[in-house]
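Q: Mind having a look at this structure? Questions to follow.
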Amino acid sequence: MYPGYGTVYSCYSNVYSGYGNVYSGYGTVYSGYGTVYLGYGNVYSGYGTVYSGYGTVYSGYGTVYSGYGYVYSGYGTVYSGYGTVYSGYGTVYSGYGNVYSGYGTVYLGYGTVYSGYGNVYSGYGTVYLGYGTVYSGYGYVYSGYSTVYSGSGYVYSGSGYVYSGYGTVYSGYGTVYLGYGTVYSGYGTVYLGYGTVYSGYGNVYSGYGTVYLGYGTVYSGSGYVYSGYSTVYSGSGYVYSGYGTVYSGYGYVYSGYGTVYSGYGTVYSGYGYVYSGYGTVYSGYGYVYSGYGTVECMQDSGRSLLADLLEQSRFSAR
């Protein structure tokens with residue numbers, strides 16, 4: 001089926017191609033309640049829309065591709081087993097369903113990967129966003145062993161999870177934002193160049209990897225900024241925990257020129273360093289604790305008031 005400027009439209013039936021292509025140059029591949037199904041070929045829309053109202057856009061080993069249009073599934077599934085879900089400048093949108101790529105790539109150049117209550121999932125592949133938005137309202141942005149990447153955009157999950165098992169949650173200039181959920185990297189890296197890693201009531205967690213922030217903010221309102229054996233690092237920004245815990249088991253809590261701040265919680269480093277180059281290590285009613293490491297704040301005026309307070313607290317605790 002190859003309409004150059006027309007429409008492949010099916011209200012309640014199926015658009016099916018076993019080994020070929022369903023292609024619409026400038027039109028629409030649309031299925032109201034049916035299925036757009038492709039065994040080994042391509043569902044391709046150059047400038048139009050691949051739309052499934054309540055059904056399934058499925059590609060077994062091929063490609064669901066939209067150049068400047070939309071790959072949209074209202075309540076169904078955009079699924080690619082071993083292939084690619086790719087949208088150049090458009091939108092991969094799933095209202096309550098799943099955007100799923102088993103071993104392939106969910107890739108968006110300048111658009112939006114949006115899942116209202118469902119999942120943006122890549123088993124061993126890549127969830128990649130150039131300048132747009134990876135958004136999951138209550139679901140999951142999940143990458144099993146690979147990379148969740150946003151160049152200058154947003155990786156946003158309202159109450160769900162931004163999860164990377166062994167890979168990388170990376171945002172170059174954008175924002176990794178989590179309302180009530182978890183930014184989690186098991187053995188990989190949560191890395192942000194100039195943006196913000198924000199967790200309202202949840203956790204920013206890196207098991208053996210690195211929570212790294214160049215010039216932005218690692219913020220956890222009432223949750224945890226946690227690094228098991230590695231580094232929580234902020235170059236010129238803030239490592240901030242309102243009521244929670246900034247915790248590094250054997251690593252470093254480091255802020256170059258910024259602030260390591262804990263309102264009522266704990267800044268804890270087991271054998272590492274709580275270090276602030278020219279900024280402030282501040283704990284309102286909690287603890288700044290370093291087991292065998294160093295709590296240091298370098299200032300031009302010599303010994304700081306914080307160092308005196310810490311010294312007094314050490315003597316009073318004895």
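The values are calculated or read from the model by the stated rules, or taken from the named source; none is laboratory data. Note that this is a predicted model, so its numbers are computed, not measured. Positions of Cβ are backbone-derived with ideal geometry, glycine not excepted, and every protein chain shown enters the neighbour counts.
Q: Return yes when T210 is more than 19 Å from G132 (Cα to Cα) and not aromatic (F, W, Y) and no when it is not. Let's see the steps before the verdict.
A: Numbers: more than 19 Å from G132 (Cα to Cα): yes; not aromatic (F, W, Y): yes.
Yes; evaluated as a whole, the condition is true for this residue.
Q: Please work out if T84 is under 21 Å from G151 (Cβ atoms), within 18 Å of the chain's Cα centre (by Cα) and surrounded by fewer than 24 Cβ atoms within 10 Å (Cβ to Cβ).
A: When the stated conditions are applied, T84 does not pass them.
Q: Continuing with the same structure: Out of everything in the range 236-245 that is over 20 Å from the mean Cα position of the chain (by Cα) and part of a loop (DSSP other than H, G, I, E, B), what residue ends up being farthest from T266 (Cα to Cα)? Show your work before the answer.
A: First, pick out the residues of the range 236-245 that are over 20 Å from the mean Cα position of the chain (by Cα): 236, 242-245.
Now restrict to residues that are part of a loop (DSSP other than H, G, I, E, B): 236, 242-244.
Numbers: S236: 21, G242: 10, Y243: 8, G244: 7 Å.
The residue in question is S236.
Q: Has the range 81-89 got any residue that is among the β-branched types (V, I, T) and within 20 Å of Y12 (Cα to Cα)?
A: Checked against the condition, which is being among the β-branched types (V, I, T) and within 20 Å of Y12 (Cα to Cα), the range 81-89 yields no hits at all.
Q: So which residues in the range 201-220 are closer than 14 Å to Y184 by Cα, outside any strand (DSSP E or B) and small (G, A, S)?
A: Once the filter is applied, which keeps residues that are closer than 14 Å to Y184 by Cα, outside any strand (DSSP E or B) and small (G, A, S), the range 201-220 yields G202, G207, G209.
Q: Out of the residues in the range 249-270 meeting the condition of being among the hydroxyl-bearing types (S, T, Y) and closer than 15 Å to E296 by Cβ, tell me which one is surrounded by the fewest Cβ atoms within 10 Å (Cβ to Cβ). Walk me through it before giving the result.
A: Our first condition is that a residue be among the hydroxyl-bearing types (S, T, Y); within the range 249-270, this holds for 250, 252, 254-255, 257, 259, 261-262, 264, 266, 268-269.
This time we only want the ones that are closer than 15 Å to E296 by Cβ, so: 252, 254-255, 257, 259, 269.
Numbers: Y252: 19, Y254: 23, S255: 29, Y257: 13, T259: 16, S269: 27.
Filtering first and then ranking leaves Y257.
Q: Name, by its number, the condition in (1) more than 28 Å from the chain's Cα centre (by Cα); (2) modelled with pLDDT of 80 or more that does not hold for S262.
A: Condition (1) is where S262 drops out.
Q: Go through Y271, Y177, Y247, Y205 for me and flag whichever is over 28 Å from G139 (Cα atoms) and free of Cβ contacts under 8 Å to residues at least 24 places away in the same chain.
A: Among Y271, Y177, Y247, Y205, only Y271 is over 28 Å from G139 (Cα atoms) and free of Cβ contacts under 8 Å to residues at least 24 places away in the same chain.
Q: Now a separate question. Can you work out which of the residues in the range 165-189 that are in contact with a Leu (Cβ under 9 Å, 6 or more places away or on another chain) and β-branched (V, I, T) is farthest from Y121 (Cα to Cα)?
A: Checking each candidate, the answer is T175.
Q: Which condition number does Y79 fail, the rest of (1) more than 29 Å from Y131 (Cβ to Cβ); (2) of a type outside the set (S, T, N, Q); (3) crowded, with 19+ Cβ neighbours inside 10 Å being met?
A: The failed condition is (1).
Q: Also: Suppose we keep only residues that are of a type outside the set (G, A, S) and under 22 Å from the mean Cα position of the chain (by Cα) within the range 67-76. Which one would you say is surrounded by the most Cβ atoms within 10 Å (Cβ to Cβ)?
A: Result: V71.
Q: Determine if the range 77-89 includes at least one residue that is of a type in the set (G, A, S), in contact (Cβ under 8 Å) with a residue 24 or more places away in the chain and in a strand (DSSP E or B).
A: Let us first name the residues in the range 77-89 that are of a type in the set (G, A, S), namely 80-81, 83, 87-88.
Now restrict to residues that are in contact (Cβ under 8 Å) with a residue 24 or more places away in the chain: 80, 83, 87.
Next cut, in a strand (DSSP E or B) only: 80, 87.
Within the range 77-89, one or more residues are of a type in the set (G, A, S), in contact (Cβ under 8 Å) with a residue 24 or more places away in the chain and in a strand (DSSP E or B).
Q: So which of G181, G172, G153 ends up being within 25 Å of Y257 (Cβ to Cβ), touching a Ser or Thr at 6+ places or on another chain (Cβ under 6 Å) and either basic (K, R) or modelled with pLDDT under 75 (or both)?
A: Being within 25 Å of Y257 (Cβ to Cβ), touching a Ser or Thr at 6+ places or on another chain (Cβ under 6 Å) and either basic (K, R) or modelled with pLDDT under 75 (or both) holds for just one of G181, G172, G153, which is G172.
Q: Which of the residues spanning the range 173-194 are under 18 Å from G209 (Cβ atoms) and either of a type in the set (A, V, I, L, M, F, W, C) or in a loop (DSSP other than H, G, I, E, B) (or both)? Break it down stepwise before answering.
A: Here is the first cut: in the range 173-194, the residues under 18 Å from G209 (Cβ atoms) are 176, 178, 182-193.
Scanning the range 173-194 gives V176, L178, V183, G186, Y187, G188, V190, L192, G193.
Q: Can I ask one more? Being more than 26 Å from L38 (Cα to Cα) and crowded, with 18+ Cβ neighbours inside 10 Å, is that true of even one residue in the range 126-134?
A: Within the range 126-134, one or more residues are more than 26 Å from L38 (Cα to Cα) and crowded, with 18+ Cβ neighbours inside 10 Å.
Q: Do we have any residue at all in the range 80-91 that's at pLDDT 75 or above and under 25 Å from T182 (Cβ atoms)?
A: Within the range 80-91, one or more residues are at pLDDT 75 or above and under 25 Å from T182 (Cβ atoms).
Q: Kindly provide the set of residues from the range 24-51 that are among the small types (G, A, S) and part of a strand (DSSP E or B), ordered by number.
A: Answer for the range 24-51, where residues must be among the small types (G, A, S) and part of a strand (DSSP E or B): S24, S31, S45.
Q: Kindly establish whether G193 is farther than 19 Å from V281 by Cβ and touching a residue at least 24 places away in the same chain (Cβ under 8 Å). Walk me through it before giving the result.
A: On the way: farther than 19 Å from V281 by Cβ: yes; touching a residue at least 24 places away in the same chain (Cβ under 8 Å): no.
No: the conditions fail for G193.
Q: Any idea which of (1) at pLDDT below 75; (2) crowded, with 24+ Cβ neighbours inside 10 Å is the one G53 doesn't satisfy?
A: Exception for G53: condition (2).
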